[in-house]
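Have a look at the structure below before the remarks.
Values quoted throughout were computed directly from the atomic coordinates according to the rules given, and no laboratory measurement underlies them. Note that the structure is predicted; figures quoted are calculated from it, not measured.
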Amino acid sequence: MKRPIPWIIAVVLLALVAGVFVMRTAPPPRTLSSPTPTPLPDDRVEERQRMVDRQIRARGVTDTRVLAAMEKVPRHAFVPSDVLDQAYNDYPLPIGYGQTISQPYIVAVMTELLKLKPGEKALEIGTGSGYQAAILAELTDKVYSIEIIPQLAERARATLDRMGYHYVVTKHADGYWGWKEHAPFDAIIVTAAPDHVPQPLLEQLADGGRMVIPVGPPGGYQSLWLITREGDEYHNFNWGGVAFVPLTRLEQ
């Protein structure tokens, strides 16, 4: 029997070694998945700074964390394209389905009244555009938000994800009943006006918790209330008059 020629053996061994090297260093196969959302380019920093300086800080909001959140979150990313040029004006804007994104000053006031601390659990009733949830998410990493209108719930979820607020937990439901599975909440903010304070929300407020809620008849002005809980007692403070869309309810 003839022995293999040495140079042939060398070539074969070299090929095997090269093959092993390629197999070990080649990248793993890619799987199909949804692309990671890319945040919108933020080219309106100066507008947002003016909004905070002239509309919010100048009118008495002093909480530095709230002011920083208002300066950071791009409101224009949460408004429809047809009102984009009005994103930093100091008034509510329509977002469809009879709902609005709240006036920046009122967003700041309500957030300041909550006195939300890092790590506290916050519940928002009325996700709407997702803007208020994003502001809350700059203050704590435990934010839950409920929206009753399915189209708005879906759009807000997509916007929050696109802006990087993946940890905000949202669902489509009737916010009147709160979110019992995640209660109690250190802070509850209601961004639409019921004609009375929902009892389930009072029950889901933690001891020492705060709730900010506009209450009053639909189609007119309401009173903005800060409700704090101490044990089984609730203390109410009337901040003043506001105008919110009515709290939408599922048919009972």
quick shape note, the stretch 45-242: Cα extents on principal axes in Å, largest first -> 46, 36, 36
Counting only residues 5 or more apart in sequence or on a different chain, those whose built amide H sits under 5 Å from that of Phe185 are Leu205, Ala206
Rh_Kirkwood(the stretch 136-180) over Cα pairs, Å, one decimal, evaluates to 10.9 Å
List nothing, just return the count: lysine pairs in the stretch 33-172, 8 or more apart or interchain, with Cα separation under 20 Å. 8
